[in-house]
Amino acid sequence: MAEFYIEEIKKSPRISRLVEHLFEKMPQIEADRAVLLTESYKNSEGKPVITRRAEAFEHILKNIPITIRPEELIVGSATKQPRSCQVFPEFSYQWLEDEFDTVETRTADPFYISEETKQTLREVYKYWKGRTTSELALEYMSEGTKTAMAHNIFTPGNYFYNGVGHVTVNYAEVLEIGFEGIMAKAKTELEGLSDGDADYAEKNAFLNAVIKSLEAACLYAERYALLAVEMAKAETDSKRKLELALIANNCANVPRKGAKSFYEACQSFWFVQMLLQTESSGHSISPGRFDQYMYPYYKKDLDEGKITREFAQELMDCIWVKLNDLNKVRDAASAEGFAGYSLFQNLIAGGQNTEGLDATNDLSFMCINATAHVSLPQPSFSVRIWNGTPHEFILRAAELTRMGLGLPAYYNDEVIIPALVSRGLTLEDARDYNIIGCVEPQKSGKTEGWHDAAFFNMCRPLELVFGNGKDFGVQVGPKTGEIKDFDTFDKFYSAYKTQMRKMIEYMVNANNSIDVAHAKRCPLPFLSSMVEDCIKRGTSVQQGGAVYNFTGPQGFGIANMADALYAIKTLVYEQKKYTLNQFADALRNNYGEEMPPVIATGLTTQIVKELALKGRALSKEEISDVYIKITKNQTPEDKKRFYDKLREDIEALPKFGNDNLEVDLFARDVAYTYTKPLQEFKNPRGGIFQAGLYPVSANVPLGAQTGATPDGRLAGTPVADGVSPAAGRDVNGPTASCNSVARLDHFIASNGTLFNMKFHPSALKGQSGLESFAALVCGYFEQKGMHMQFNVVSRETLLDAQKYPEKYKTLVVRVAGYSALFTTLSRSLQDDIINRTEQGGF
Amino acid sequence: MQDYLNTIGRIFDIQKFSVHDGPGIRTIVFLKGCVLRCKWCCNPESQNYEIEQMTTAGKTKTVGRDVTVKEVMEEVLKDRVYFRRTGGGITLSGGESLCQPDFAVALLRAAKENGLSTAIESTAAAPIETIRKLLPYLDHYLMDIKHTNPEKHKEFTGRDNRLMLENARHLAKEARHLVIRVPVIPTFNDTVEEISAIAAYVSEIMPGGEIHLLPYHRLGSDKYKGLGREYKMEHISPPTDEHMEKLLETVKKFGLQGQIGG
């Protein structure tokens, strides 16, 4: 049996001070990158786009202000102020310009922006009109797609407005041979090129862009070496002087050269991690299997007596802090969907090696320590569990869960490995998977997974069925028939499937359009240098250079649709208690309750338009009256009673999440309405689409745009997250909930599933609490569940934090696939977390 | 199918993921009907054998249903993967399971046939011959001893304790594993003297044995209203943590293995 060093390693006092410094000020928006990027672009008009990207990257890295923050051991900051962000106008900018005056005061993820920065950015933005990936993507999209998007059936907002990210590069290679080694590989390929080769033009441009970008990254590190030397000269504290000298030495060596020590490996890792996020605004740049690729350096230093466990831990803790130093501003709507300033840098420990043996090592445990020491949302810390995971590792992970940070998330090798193999990965590659962002598995350094490609709201196509394809009077989906004609449940269900398939097709169209736009306007040479097989193929990741290519948009609302379709099947077709028309009427009227703003606005617009077509233009006052009337939705008493009875009858039906075989298998089938059609589509990089079933935090804002559903859910309220049962409907305890969720097909959702659970802290008390918790996770996994995450914080604490946010500045909670500071979340998302079913130990 | 699986009994709840009533993760089956009427009882709906109506949170529901052993086992076995990992299984609770001895025996037997760990929470208020029928299928007997004084016992529970104390003596010898559980109820048995008396008795019949002190809680109080009954312990507060610690020290002085909570 493997033996691990599992003793507690103490937290250095430096770490608390670094964290304190990080949170001293509100994050701000900085303009340096945007200015430098634009300068370079203006000078490179007409050159190949890949060359322009490399030149811009070089210009930025040579000139962007650099800073070493107090007491840092690992250096490299993307911004002058901690936790601040640069902006990336090449992807999109209009939203930020529109939100200049509200970005500081909005509820989700506010950023400070100075008047001077606003002015600078306004100047910069002039250049970008018509040149962004976002604008190009829109040009490519079909009309039907644009209509479906406008009606919030799905939202591809992430890559539509930003870089793609969502990747784990080959860190191990950088650590081993350094950028000089990778540049040498590119040079070899260049030497192999003949002037007469058909693909000479693109390959030559790409490989030169790779070399230029890597050289720029080395120069950037060397600027830090010089800065550290200067700071050392001025430093009076002799201990810090020495630290700065070491930093100077590290930055002079890495990432240009291979790392010669654990400390150098840490520094080299960090430069890669932060520079990927300077080249592009894509988030979910995930460190992946840190415990694996760092281990050889740790082991060697430890064996040779060159490092203590304590210092190694301190360095890791420093990296954990730095991962919280990076930040990103999103548009107001996306900020709700990705709330909590999260960058989703997923770092995973444990699991199998490529040969299928357990790979847990001392660093796996030290990753748990670091997460506990730093207690911040980043990295999104995950653990891999399989049948051969050492029990002490699961228990240590459970102890971390008990701290209440929502970390780690648990992933099941026994499902993910075969799922990836079924998508064409080799067994060895599949065994070496890590997690990207929230829950998406990929093989590092070989994949362009386009995970997180869109949010698809599975409730909206059902609304289209009730409207014969119309939404607020507009024909969004196909005409699937009047509801009076659905005389069997099969006909009704088949109409839903037809709407689903068409909406999926539109989403694919949106994704592929955006995909092409990124390839045409923003290929990324720096990133591509660390993803196989780009250098060999002489082409970027964005143009299909990776070994494995996927697009993974995620569906959510399964629990609602399962419960909703089950209600219709039972109450309309089996018991014949209600007609479909009565359901339609109840949904239209939101079961007689008040109408939420988004829906009321939609209905008002529809009425105004219809009247205008009939030649009756409404005045402003009249429109406002219509809106108010719709919002109040005054229902006659007898009708309200009828609606209430309907909701009661719906409520009395069995629901997904209670270990009821019939309902659970029905839910499994409903999930297929998303996962199966999707996998038939291909992306422009030569890969296929694969479904994810998780919502990030979009189930709340997108729920706000969703009308009432036949499961009794009211209009505008959150939709169920991921594969979890609808909030409050799983009432038979955590094991029943797990058994139900495990009955879904997690293998087909190879882009990841997300199962949220909330525990009261008392449920994990003592050693037996930990053991029971571990058994729950393993029991769910044994039944082929894929992922689990937990909030272990009492309802009382969360309510108190809403009341007194100032007392809870660093209260971290699990949102969905990631953790975030509770007080930075919007009120509606906070409420959603509070309302999730809380499981206790009885 | 074997006949005993068709044995019918009356239960009022099945609760999963119980982690405080026996080892590991367990499913508790609550049998309806009890011989005692403890004033603090947190499951007042368990006391009558008759099926009744209870209103909680504005909703009226029927408490109690008749089920076969087979039906119960189907529900219990759904959590088998969790039992296996923790050495968990089924726990019979109530009410008092001994009020439905044939059903209780059949349930435990079925659980054993399926390889589950078995436990019972019981006051042992039944003839020892009845209890002995359960023992071959029972791994853990979690037995309540509430007081050593027969009169006070009768005042608070409706019956005196002589039979139960005598049964405890038998069980100490005959049960595979006996744990004594003491609900610590202010105004009834929460003084050091009263707990000492219980501990003394336990150490006499089972030297070095296990004793669990379960602090009184009020979670059941709303149910009394829902059943249209009066809750007679409205005025008392749960014991403080410090007091519980003091009582724990007390039982440990008798050489017993003590813990707070199940």
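Residue-by-condition table, conditions (1) outside any loop (DSSP other than H, G, I, E, B); (2) surrounded by 16 or more Cβ atoms within 10 Å (Cβ to Cβ):
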residue	(1), (2)
A:SER16	yes, no
A:GLU24	no, no
A:LYS62	yes, no
A:GLU72	no, yes
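Restricting attention to the stretch B:236-261, report how many residues are crowded, with 16+ Cβ neighbours inside 10 Å, within 21 Å of B:LYS39 (Cβ to Cβ) and hydroxyl-bearing (Ser, Thr, Tyr).
0
Considering each residue of the stretch B:207-251, count those that are touching a strand residue (DSSP E or B) at 6+ places or on another chain (Cβ under 9 Å), closer than 16 Å to B:VAL184 by Cα and assigned to a helix (DSSP H, G or I), and give that number.
Summing the residues that are touching a strand residue (DSSP E or B) at 6+ places or on another chain (Cβ under 9 Å), closer than 16 Å to B:VAL184 by Cα and assigned to a helix (DSSP H, G or I) in the stretch B:207-251 gives 9.
Would you call A:PHE755 facing another protein chain (nearest Cβ under 10 Å), closer than 30 Å to A:TYR674 by Cβ and touching a strand residue (DSSP E or B) at 6+ places or on another chain (Cβ under 9 Å)? Step through it out loud before you land on a result.
Working: facing another protein chain (nearest Cβ under 10 Å): no; closer than 30 Å to A:TYR674 by Cβ: yes; touching a strand residue (DSSP E or B) at 6+ places or on another chain (Cβ under 9 Å): yes.
When the stated conditions are applied, A:PHE755 does not pass them.
Out of curiosity, is A:GLY779 within 9 Å of chain B (Cβ to nearest Cβ), more than 25 Å from the chain's Cα centre (by Cα) and crowded, with 24+ Cβ neighbours inside 10 Å?
Judged against the criteria, A:GLY779 is a match.
With the condition kept exactly as written, say whether any residue in the stretch B:38-53 is β-branched (Val, Ile, Thr), outside any strand (DSSP E or B) and in contact with a Gly (Cβ under 9 Å, 6 or more places away or on another chain).
The answer is yes, given that some residue of the stretch B:38-53 is β-branched (Val, Ile, Thr), outside any strand (DSSP E or B) and in contact with a Gly (Cβ under 9 Å, 6 or more places away or on another chain).
Please go through (1) in a helix (DSSP H, G or I); (2) closer than 26 Å to A:ALA671 by Cβ for A:GLY785 and return the number of the only condition it doesn't satisfy.
Unmet condition: (1).
Conditions first: (1) under 27 Å from the mean Cα position of the chain (by Cα); (2) part of a loop (DSSP other than H, G, I, E, B); (3) modelled with pLDDT of 95 or more. A:PRO710 passes all but one, so which condition is the exception?
Of everything listed in (1) under 27 Å from the mean Cα position of the chain (by Cα); (2) part of a loop (DSSP other than H, G, I, E, B); (3) modelled with pLDDT of 95 or more, A:PRO710 misses just condition (1).
Given B:ARG181, B:ARG159, which one is touching a helix residue (DSSP H, G or I) at 6+ places or on another chain (Cβ under 9 Å), basic (Lys, Arg) and touching a residue at least 12 places away in the same chain (Cβ under 8 Å)?
Exactly one of B:ARG181, B:ARG159 is touching a helix residue (DSSP H, G or I) at 6+ places or on another chain (Cβ under 9 Å), basic (Lys, Arg) and touching a residue at least 12 places away in the same chain (Cβ under 8 Å), namely B:ARG159.
Identify, by number, the condition in (1) surrounded by 21 or more Cβ atoms within 10 Å (Cβ to Cβ); (2) on the phi > 0 side of the Ramachandran plot that A:PHE91 doesn't meet.
Evaluating A:PHE91 over (1) surrounded by 21 or more Cβ atoms within 10 Å (Cβ to Cβ); (2) on the phi > 0 side of the Ramachandran plot leaves (2) as the failure.
Can you tell which of B:MET233, B:MET206 is within 29 Å of B:LYS61 (Cα to Cα), crowded, with 19+ Cβ neighbours inside 10 Å and hydrophobic (A, V, I, L, M, F, W, C)?
That would be B:MET233, the only listed residue that is within 29 Å of B:LYS61 (Cα to Cα), crowded, with 19+ Cβ neighbours inside 10 Å and hydrophobic (A, V, I, L, M, F, W, C).
Residues checked against (1) surrounded by fewer than 18 Cβ atoms within 10 Å (Cβ to Cβ); (2) farther than 21 Å from A:ARG460 by Cα; (3) out of contact with any strand residue (DSSP E or B) (no Cβ under 6 Å at 6 or more places or on another chain); (4) among the aromatic types (Phe, Trp, Tyr):
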site: A:GLN634; (1), (2), (3), (4): yes, yes, yes, no
site: A:PHE656; (1), (2), (3), (4): no, no, yes, yes
site: A:ASN660; (1), (2), (3), (4): no, yes, yes, no
site: A:LEU665; (1), (2), (3), (4): yes, yes, yes, no
site: A:PRO695; (1), (2), (3), (4): no, no, no, no
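Name the one entry in A:THR145, A:THR188, A:THR236 that is of a type in the set (Ser, Thr, Tyr), surrounded by fewer than 18 Cβ atoms within 10 Å (Cβ to Cβ) and assigned to a helix (DSSP H, G or I).
When all the criteria are applied, what remains is A:THR188.
Conditions tested, residue by residue: (1) within 30 Å of A:ALA148 (Cα to Cα); (2) of a type outside the set (S, T, N, Q); (3) surrounded by fewer than 24 Cβ atoms within 10 Å (Cβ to Cβ); (4) in contact with an Asp or Glu (Cβ under 9 Å, 6 or more places away or on another chain).
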| site | (1), (2), (3), (4) |
| --- | --- |
| A:ILE416 | no, yes, no, no |
| A:ASP429 | no, yes, yes, no |
| A:TYR433 | no, yes, no, yes |
| A:VAL439 | yes, yes, no, no |
| A:GLU448 | yes, yes, no, no |
| A:ASP452 | yes, yes, no, yes |
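Of the residues that make up the stretch A:506-520, is at least one over 25 Å from the mean Cα position of the chain (by Cα) and surrounded by fewer than 24 Cβ atoms within 10 Å (Cβ to Cβ)?
No: zero hits.
Among the numbered criteria (1) modelled with pLDDT under 95; (2) surrounded by fewer than 24 Cβ atoms within 10 Å (Cβ to Cβ); (3) among the hydrophobic types (A, V, I, L, M, F, W, C), which one does A:ILE558 miss?
Failing condition for A:ILE558: (2).
Please tell me if A:ALA749 is under 28 Å from A:PRO654 (Cα atoms), aliphatic (A, V, I, L, M), within 9 Å of chain B (Cβ to nearest Cβ) and outside any strand (DSSP E or B).
When the stated conditions are applied, A:ALA749 does not pass them.
Under the condition of being within 12 Å of chain A (Cβ to nearest Cβ), in contact with a Phe, Trp or Tyr (Cβ under 6 Å, 6 or more places away or on another chain) and modelled with pLDDT of 90 or more, which residue from the stretch B:16-53 is surrounded by the fewest Cβ atoms within 10 Å (Cβ to Cβ)?
Ranking the qualifying residues of the stretch B:16-53, first place goes to B:PHE30.
Starting from the stretch A:102-126, keep only residues that are more than 22 Å from A:TYR341 (Cα to Cα), then list their pairs with residues that are buried (at least 18 other Cβ atoms within 10 Å of the Cβ) and among the aromatic types (Phe, Trp, Tyr) whose Cβ atoms are within a distance under 7 Å, requiring at least 6 positions of separation or different chains.
Pairs that qualify, where the first residue is more than 22 Å from A:TYR341 (Cα to Cα) and the partner is buried (at least 18 other Cβ atoms within 10 Å of the Cβ) and among the aromatic types (Phe, Trp, Tyr), are A:TYR125/A:TYR93.
Which members of the stretch B:88-118 meet the condition of being of a type outside the set (Val, Ile, Thr), part of a strand (DSSP E or B) and within 14 Å of chain A (Cβ to nearest Cβ)?
Kept after step one, since they are of a type outside the set (Val, Ile, Thr), are these residues of the stretch B:88-118: B:88-89, B:92-104, B:106-117.
From what's left, part of a strand (DSSP E or B): B:89, B:92-93, B:117.
Hits for the stretch B:88-118 are B:GLY89, B:SER93, B:SER117.
For residues that are surrounded by fewer than 18 Cβ atoms within 10 Å (Cβ to Cβ) and more than 29 Å from B:PRO23 (Cα to Cα), tally how many sit in the stretch B:135-161.
Matching residues across the stretch B:135-161 total 9.
Just to verify a result, which residue in the stretch B:54-71, among those that are out of contact with any Leu (no Cβ under 9 Å at 6 or more places or on another chain) and of a type in the set (A, V, I, L, M), is modelled with the lowest pLDDT?
Per the stated criteria, the residue is B:ALA57.
Looking at this structure, is B:TYR137 touching a helix residue (DSSP H, G or I) at 6+ places or on another chain (Cβ under 9 Å), more than 30 Å from A:HIS391 (Cα to Cα) and at pLDDT 95 or above? Explain how you work it out, then say what you get.
Numbers: touching a helix residue (DSSP H, G or I) at 6+ places or on another chain (Cβ under 9 Å): yes; more than 30 Å from A:HIS391 (Cα to Cα): yes; at pLDDT 95 or above: yes.
The answer is yes for B:TYR137.
Touching a strand residue (DSSP E or B) at 6+ places or on another chain (Cβ under 8 Å), surrounded by fewer than 16 Cβ atoms within 10 Å (Cβ to Cβ), modelled with pLDDT of 95 or more and over 27 Å from B:LEU219 (Cβ atoms): which single residue out of B:ARG169, B:ARG132, B:ARG176 fits that description?
Among B:ARG169, B:ARG132, B:ARG176, only B:ARG176 is touching a strand residue (DSSP E or B) at 6+ places or on another chain (Cβ under 8 Å), surrounded by fewer than 16 Cβ atoms within 10 Å (Cβ to Cβ), modelled with pLDDT of 95 or more and over 27 Å from B:LEU219 (Cβ atoms).
Filter the stretch B:61-86 for residues that are polar (S, T, N, Q) and touching a residue at least 12 places away in the same chain (Cβ under 8 Å); which is surrounded by the most Cβ atoms within 10 Å (Cβ to Cβ)?
Ranking the candidates gives B:THR86 first.
Find the residue count for the stretch B:3-15, including only residues that are closer than 14 Å to B:LEU92 by Cα and away from chain A (no Cβ under 14 Å).
Total meeting the criteria: 4.
Can you find a residue that is surrounded by fewer than 24 Cβ atoms within 10 Å (Cβ to Cβ), modelled with pLDDT under 90, closer than 23 Å to B:VAL81 by Cβ and within 14 Å of chain B (Cβ to nearest Cβ) anywhere in the stretch A:718-731?
Checking the stretch A:718-731: at least one residue is surrounded by fewer than 24 Cβ atoms within 10 Å (Cβ to Cβ), modelled with pLDDT under 90, closer than 23 Å to B:VAL81 by Cβ and within 14 Å of chain B (Cβ to nearest Cβ).
The values are calculated or read from the model by the stated rules, or taken from the named source; none is laboratory data. Just so it is clear, the structure is predicted and the values come from calculations on it, not from any experiment. For neighbour counting, all protein chains shown are included, and Cβ atoms are generated from backbone atoms with ideal geometry for every residue, glycine included.
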